[in-house]
Amino acid sequence: MNFNNIFNKTQLRNLKVSAWILAARPKTLPAAITPVIVGTSVAIYYGKFNFYPSLIALLCSLLFQIGANFVNDLFDYYHGTDKKDRIGPQRAVASGLISPDEMKKGIIIVFSISFLLGLYLVYVGGLLILLIGILAIATSIAYTAGPFPLAYHALGDIAVFIFFGLVGTIGTYYVNAQEISELSFWASIPVGALITNILVVNNYRDIEEDKLSGKKTLAVLLGVKFTRVQYISLLIISYLLLLIIYFEFKKDFFVFLPFLSLPLTIKLVKMIFTYKGKELNKTLELTAKLSIFYGILLAAGLLL
């Protein structure tokens, strides 16, 4: 038995697994989890919670996010946006860890699994869920691929807010309750705002690189000052929306539990004004953590 060959094969396999984990971008996955947590909490609040639809919604949301990250990794490489010396985290295709053909297969597999799982949600929620699922997959791909990639035409922020905020939260509630509630709508806005801020930091960090590659994000088009104001405005909206939820739906001070995340929010505001370049990778990570921390606190506030 050739132990060196076995050891080398094991090393290569582990490297490949690590490369796929890198491409999935685990630090961005709170964007997929938060809307499901909040949407499910609204369902529980109204006594309409169903375990399996919530679970499948979570799995589909995670797969959509991973699939979008794979597409982004591949097509940013094709567009020349991602280079080996980029400021942001290492990218799997650009660094040669995963070949373009391998990534294409990965994209097909991830979206195929998400579609098959989503058929259960179609069974539960009807044809509306099928339409939403198809649009979600199409948008995940069109974000950086196709003749009019959204991220390259300053539409990424809107797409993220709609699908990870409104659609993710309201859709989760819908597959539980087979109806849409006003509370699920209002609760979706802070979720969308905080998740959009993950993209805002990403684009803020990459302004100079994106300019050189011709990627027209909002940050590129409107500049550093606008991007800082955008980031802070989305934070403010997230906390102000709690007042609507309090006065219109649940007149209980537990609704204000998300204010426990304010210390992290203040820290992030300081970082967005002082950090530059690779330092903003930490800001990006903490912004993602804020979104899920806020989401958990909002869910708890609705249920207590």
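Can you tell me the dipole magnitude for the stretch 182-271 around its Cα centre, using point charges on the Cβ only (Lys, Arg +1; Asp, Glu -1), in Debye to the nearest 20? Present the calculation step by step, with values, prior to reporting the outcome.
Numbers: 10 positive and 7 negative charges, 55 e Å.
Taking the Cα centre of the stretch 182-271 as origin, the dipole is about 260 debye.
How far, in degrees from 0 to 90, does helix 127-142 lean away from the longest principal axis of the Cα atoms of the chain, to the nearest 10?
40
Specify which residue in the list I232, A142, V42 is farthest towards the positive end of the charge dipole of the chain, using unit charges on the beta carbon of Lys, Arg (+1) and Asp, Glu (-1), about the Cα centre.
So the residue furthest toward the plus end is I232.
Report P(r) for the chain: all Cα-Cα distances, bin width 20 Å, range 0 to the bin holding the largest distance, values in whole percent.
Taking all Cα pairs of the chain, the binned fractions are 33, 56, 11, 0 percent.
Take every Cα pair under 8 Å in the stretch 31-303 that's 6+ residues apart, average their separations, divide by the length, and report that relative contact order as a whole percent.
25
Would you compute, from DSSP H runs of 4+ residues alone, the mean residue ellipticity of the chain at 222 nm, taking -39500 (n - 2.57) per run and dividing by the full residue count, rounded to the nearest 500? Don't skip to the end; give the middle numbers.
Details: 12 runs with 223 residues, N = 304.
Theoretical 222 nm ellipticity from helices: -25000 deg cm²/dmol.
Computed FRET efficiency, Cβ-Cβ of E208 and F247, R0 30 Å: what is it to the nearest 0.05? If you can, show how the numbers build up before the last one.
Numbers: r = 44 Å, r/R0 = 1.47.
Once the sixth-power term is evaluated, E becomes 0.10.
Grab the beta carbon distance between L55 and L240, set R0 = 22 Å, and tell me the FRET efficiency rounded to 0.05. Walk me through the intermediate numbers first.
Numbers: r = 32 Å, r/R0 = 1.45.
The formula returns an efficiency of 0.10 here.
Between L63, P100, Y120, whose Cα lies farthest towards the positive end of the dipole of the chain when Lys and Arg beta carbons carry +1 and Asp and Glu beta carbons carry -1, centred on the Cα centre?
P100
Determine the gain in length on full extension of the stretch L117-V269; use 0.36 nm per residue of separation and subtract their C-alpha separation, reporting nm with one decimal. Each step should come with its number before you reach the end.
Numbers: separation 152, 0.36 × 152 = 54.72 nm, distance 3.88 nm.
So the chain would gain 50.8 nm between L117 and V269.
Using only Cα atoms, tell me the angle between helix 100-125 and the longest principal axis of the chain; keep it within 0 to 90° and round to the nearest 10.
Approximately 20 degrees, to the nearest ten.
So what's the angle, to the nearest 10 degrees on a 0 to 90 scale, between helix 182-205 and the longest Cα principal axis of the chain?
Approximately 30 degrees, to the nearest 10.
Using C-alpha positions alone, give me the convex hull volume of the stretch 54-164 per residue in cubic angstrom. Working shown, then result.
On the way: hull volume 12.0 nm³, N = 111.
For the stretch 54-164, the hull spanned by Cα atoms encloses 108 Å³ per residue.
Classify the stretch 148-281 as rounded, prolate or oblate from the Cα gyration tensor: take a ≥ b ≥ c as the square roots of its eigenvalues, call it rounded if a/c is under 1.5, otherwise prolate when a/b beats b/c and oblate if not.
Oblate is the answer for the stretch 148-281, as a/c is 1.5 or above yet b/c matches or exceeds a/b.
Any idea what the dipole of the stretch 52-164 comes to, in debye rounded to 20, about its Cα centre with Lys/Arg Cβ at +1 and Asp/Glu Cβ at -1? Before the final figure, lay out each step's value.
Details: 6 positive and 7 negative charges, 15 e Å.
Taking the Cα centre of the stretch 52-164 as origin, the dipole is about 80 debye.
Assign unit charges at the C-beta atoms only (+1 for Lys and Arg, -1 for Asp and Glu), then state the dipole size of the chain relative to its Cα centre in Debye, rounded to the nearest 20.
On the way: 26 positive and 17 negative charges, 157 e Å.
With only Lys, Arg, Asp and Glu charged at Cβ, the dipole is about 760 debye.
Give me the percent relative contact order of the stretch 148-267, please, defined on Cα pairs under 8 angstrom at least 6 residues apart. Provide the component values of the computation, followed by the final result.
Numbers: 117 pairs, mean separation 32.5, N = 120.
Relative contact order for the stretch 148-267 comes out at 27 percent.
Each value in this text was obtained by applying a stated rule to the coordinates, not by laboratory testing. Predicted model only: the values in this text are computed from it and were never measured. In this analysis, Cβ positions are derived from the backbone assuming ideal geometry, glycine residues included, and neighbour counts consider all displayed protein chains.
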